[in-house]
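**Q** Below is one structure. I have some questions about it.
The values are calculated or read from the model by the stated rules, or taken from the named source; none is laboratory data. From a predicted model like this one, the values you see are computed outputs, not experimental measurements. All Cβ positions, glycine included, derive from the backbone under ideal geometry; neighbour counts span all protein chains shown.
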Amino acid sequence: MGNDPKPIEIIIPQDAQPAFANATQVTVLDDAVVLQFAYVRPNTTSGQLLAEVILSPKHAIEFSRALDTTIKKHFTRHIEDSEA
């Protein structure tokens, strides 16, 4: 009855810059899941942390499901396109 989620407006700052991460680390705690995204230059042994995202376990599970579903749909479509 009134449980439909309301849309959330996300404001992206004008100076926001996308970042390419080629390394991730996931740390699971009792009350949180910590995702760390980093960029490591080729042929080096160190990288730079780009972002750290901390999720509640519930949100981490929802994120995992959404990511899994989206990736499966995307790559399945590309596999089918290449076989045609």
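**Q** Quick one: what pairs do we get from segment 49-70, first residue farther than 20 Å from residue 39 by Cα, second among the small types (Gly, Ala, Ser) and at pLDDT 95 or above, C-beta under 9 Å, 6+ apart or different chains?
**A** Pairs found: 55/32; 56/32; 57/32; 60/32.
**Q** Using the structure shown, decide if residue 15 is assigned to a loop (DSSP other than H, G, I, E, B) and modelled with pLDDT of 95 or more.
**A** Answer is yes for this residue.
**Q** So, in segment 41-61, exactly how many residues are within 11 Å of the chain's Cα centre (by Cα) and part of a helix (DSSP H, G or I)?
**A** 1
**Q** Any residue in segment 24-40 that is part of a loop (DSSP other than H, G, I, E, B), touching a strand residue (DSSP E or B) at 6+ places or on another chain (Cβ under 7 Å), at pLDDT 95 or above and surrounded by 10 or more Cβ atoms within 10 Å (Cβ to Cβ)?
**A** Yes, the conditions are met somewhere in segment 24-40.
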